[in-house]
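The values are calculated or read from the model by the stated rules, or taken from the named source; none is laboratory data. On a predicted model such as this, the values are computed, not experimentally measured, just so you know. Every residue, glycine as well, gets a Cβ built from its backbone with ideal geometry; the counts of neighbours run over all protein chains shown.
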Amino acid sequence: MLFNFITIGYTDNPGRPEETFFENIFRLPAASALYFTPSTNELVIERFWDIDPGIQNKKISDNEAIEQFRHLLSQSVKRRLRSDVAVGTSLSGGLDSSSVVAIASRFMTNDYRLPTIDYQLSSFTAIFPGFDKDESHFASHVAKHFNLQPHTVEITVNDFINDWSRFLHHQEEPFGTASAYAQYKVFELAKQHHVKVLLDGQGADETLAGYSKYYKWYWQELFQKRRLVTSGELKAAKEMGVEEEFTFKNIIAALFPDIASVILERQYLVNALRHEDLTRDFVKLQSKEAYYSTPANFNLNGVLYFSTCLHGLEELLRLADRNSMAHGREVRLPFLNHELVEFVFSLPPGFKIRHAWTKWILRQAMAGQLSADIVWRKRKIGFEPPQKEWMKDKRVQDMIYEARKKLVNEKILKPEMLHRPVSSTASHEGNNYDWRYLSAASYL
């Protein structure tokens, strides 16, 4: 687990979902139940829910799909407003959290109010003034439009340093980026304002293809069906400024998915074995059980299933659960209602990406309910703090050098790492190694 975390940032094992960073400690896999028989001392784990991403309703019309999606999402939000304590919402200003706010605001009527509780919907937002990925102006616009009670927290590198030990205590396992800490502070803000329950937009990106990395999977599927050129998707993506490219490698992956899967796994192992920071003994010992997982089906629904049910969303939900409960808050996720998720996976890929718009059906469902600059915003901004700037702070760099020292003492990193400059990286950069050293060594 540590080898894979350092080399590619995995915090789980998709092939063995019960595995953790701790020896002889296992987690119950998602959508599973554990049965114990005292008389025989037998433990049995059974999966009680799953999706078949290969079953799609190809006859459904655009209007029918949009209307059904709107109904299921609204129903999900309505159910999650049930509470005898104050309810609020995490609000980044992006499409997902803003959609939850727009729908929730419609239901904040007398039916949801108790005489002793003020039910004006509160929003909680992390802000990073001067940071190019700060979305506070979008969040402020949404809060004002829907008459929310807005609360914001400006998170600084000083907060990060002061909270580090406490934050580690609640996480218990390594985590890939500083985004987890920003979320921690949002839930702390909710606690300060005595709001117990928060609705959050997590899950939409994984079920509805919200990240740019999903383009290639959709294009490969269109190529398999000989519709890539006639669909106009590559042209639309180029006009929208999408940086993803469709290359010869994608053609090979589309035509020979089994071979592509093997190549990807071997490529990972080769790169991991060549990781120049790690000692030869550590690599030799740990790489024997190294793993790199790829979707079983090399199409859009296949990779969305992989992200939602096997690897990706699991980490985000674990972080959200620990961050919320660290402050005694409950987080509820309308986009992950099982009926809504099942419906989304029953839709053909064109409902998730169309004319280069990701999350196409969500945008259509929210058109008219949210302003166009949110619904049709081209630039996808992930929820992240200015990690790169924080890592340039001398105090953080001192923390990283101390972390490296621990890993050198454990014979994980080479001794020369004690003298190399710190590499400051943004939250979602692939070579986020110094952050991983800081996170991992903090638990040694």
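Worth a mention:
- Helices (runs of 4 or more DSSP H) (entirely within the range 348-400) containing at least 1 residues that are crowded, with 22+ Cβ neighbours inside 10 Å and touching a strand residue (DSSP E or B) at 6+ places or on another chain (Cβ under 9 Å): 360-366
- For the range 401-438, the candidate set comprises residues that are closer than 18 Å to Arg274 by Cβ and at pLDDT below 95; within that set, the residue that is surrounded by the most Cβ atoms within 10 Å (Cβ to Cβ) is Asn432.
- Taking the criterion of being more than 18 Å from Ala326 (Cα to Cα), outside any strand (DSSP E or B) and not hydroxyl-bearing (Ser, Thr, Tyr), the residues of the range 141-167 that qualify are His141, Val142, Ala143, Lys144, His145, Phe146, Asn147, Leu148, Val157, Asn158.
- Residue within the range 287-299 that is in a helix (DSSP H, G or I), touching a residue at least 24 places away in the same chain (Cβ under 8 Å) and touching a strand residue (DSSP E or B) at 6+ places or on another chain (Cβ under 9 Å) present: no
- Only a single item in (1) surrounded by fewer than 23 Cβ atoms within 10 Å (Cβ to Cβ); (2) hydrophobic (A, V, I, L, M, F, W, C); (3) touching an Asp or Glu at 6+ places or on another chain (Cβ under 6 Å); (4) closer than 30 Å to Glu389 by Cα is not met by Ala204, and it is number (1).
- Residue count for the range 264-283 satisfying the condition of being assigned to a helix (DSSP H, G or I), of a type outside the set (D, E, K, R) and at pLDDT 90 or above: 2.
- Within the range 231-241, the residues that satisfy the criterion of being of a type in the set (A, V, I, L, M, F, W, C) and crowded, with 17+ Cβ neighbours inside 10 Å are Leu234, Ala237.
- Evaluated against (1) at pLDDT below 95; (2) surrounded by fewer than 17 Cβ atoms within 10 Å (Cβ to Cβ); (3) in a loop (DSSP other than H, G, I, E, B), Ile60 falls short on exactly one condition, (1).
- Subset of the range 136-166 (residues that are crowded, with 21+ Cβ neighbours inside 10 Å and under 19 Å from Pro386 (Cα atoms)): Phe138, Ala139, Ile155, Phe160
- Within the range 203-256, the residues that satisfy the criterion of being assigned to a loop (DSSP other than H, G, I, E, B), in contact (Cβ under 8 Å) with a residue 40 or more places away in the chain and in contact with a Ser or Thr (Cβ under 6 Å, 6 or more places away or on another chain) are Ala209, Gly210.
- Of all residues in the range 195-216, exactly one satisfies the criterion of being basic (Lys, Arg) and in contact with a helix residue (DSSP H, G or I) (Cβ under 6 Å, 6 or more places away or on another chain), namely Lys216.
- Among the residues of the range 5-32, the ones that are in a loop (DSSP other than H, G, I, E, B) and either in contact with a strand residue (DSSP E or B) (Cβ under 8 Å, 6 or more places away or on another chain) or on the phi < 0 side of the Ramachandran plot (or both) come to 19 in all.
- Breaking point among (1) in contact with a Lys or Arg (Cβ under 9 Å, 6 or more places away or on another chain); (2) part of a loop (DSSP other than H, G, I, E, B), for Gly430: (1)
- Within the range 4-39, the set of residues being of a type in the set (Asp, Glu), farther than 24 Å from Asn337 by Cβ and surrounded by 13 or more Cβ atoms within 10 Å (Cβ to Cβ) comprises Glu18, Glu19.
- Comparison of Phe345, Phe383 shows that the only residue that is in contact (Cβ under 8 Å) with a residue 60 or more places away in the chain and under 26 Å from Phe124 (Cα atoms) is Phe383.
- Residues being exposed (fewer than 13 other Cβ atoms within 10 Å of the Cβ), among the β-branched types (Val, Ile, Thr) and in a loop (DSSP other than H, G, I, E, B) - total across the range 44-57: 1
- All of Ala204, Ala178, Ala190, Ala143 fail the test of being within 24 Å of Arg379 (Cβ to Cβ), in contact with a strand residue (DSSP E or B) (Cβ under 6 Å, 6 or more places away or on another chain) and not hydroxyl-bearing (Ser, Thr, Tyr), apart from Ala143.
- None of Lys378, Lys392, Lys388 is farther than 18 Å from Gly203 by Cα, at pLDDT below 95 and not polar (S, T, N, Q) except Lys378.
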